[in-house]
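To start, the structure under review is shown below, and the notes come after it.
Each value in this text was obtained by applying a stated rule to the coordinates, not by laboratory testing. Just so it is clear, the structure is predicted and the values come from calculations on it, not from any experiment. All Cβ positions, even for glycine, are placed from backbone atoms using ideal geometry, and neighbour counts span all protein chains on display.
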Amino acid sequence: MGNIKKLAFGTDHAATEIREAVKKYLYDIGYKVEDFGFCGQDSCDYPDFAVQVAEAVANKKADKGILICGTGIGMSVVANKVKGIIAAVCWDEDTARFASQHNCANILCLGSRTATLIEICHRIKYFLNTAFEERHQKRIDKIKKIEKQQHRCQ
Ligand code: RB5
């Protein structure tokens, strides 16, 4: 969509089977993809990939991020630790759309064990094709304020 051109992408072992197909989908719909994760069938740790994707988005090396683990939950927990990140686990097309429209999410987290490849691609499409609605900005400002206060206390 519009100005989003470059995506940071990461998966753990739970998404090894679908990761290339998801990347192909992203290329096919016109995005550049920087891939931060691959561990094959070996067991690996989602924080290692989530933090790299989150830092790439926070440092504006990518416009948005896509993270896939078994459920999306672990990836989102980690990504949300990085300043500037709003990562959302989405379980259908509507939550993917609202994550952009209402929550200004910059990372979409998905579960390879809770969705089919087609469902995952549809959620990505809705997430990327939906713009943030300015009327929600004051809530995002409150999130940023909380983030600032929390980081100050550490
Ligand atoms: C790995 O087995 C699994 O725990 C991970 O992919 C993810 O679902 C964590 O939230």
Estimated inter-spin distance, K5 and D141, nm [label 7 Å along Cα→Cβ]: 3.1
How many nm is it between the label spots at E20 and E134, if each spot is 7 Å from the Cα in line with the beta carbon? 4.6
How fast does the chain diffuse by Stokes-Einstein, in µm²/s, taking the Kirkwood radius from C-alpha pairs at 10 °C and 1.306 mPa s? 104
The local net charge around K6, scoring Lys/Arg +1 and Asp/Glu -1 for residues other than K6 whose Cβ lies under 10 Å from its Cβ, equals +3
Options M75, Y25, V53, ranked by Cα towards positive dipole end of region 23-75, top entry (Cβ charges): Y25
So how tilted is helix 46-58 from the main axis of the chain? Cα-based, degrees 0 to 90, rounded to 10. 50
For K81 and S43, calculate 0.36 nm times their separation in residues minus their Cα-Cα distance, and state this gained length in nm to one decimal. 11.4 nm
Just how large is the dipole of the chain about the Cα centre, in debye to the nearest 20, putting +1 at every Lys and Arg Cβ and -1 at every Asp and Glu Cβ? 840
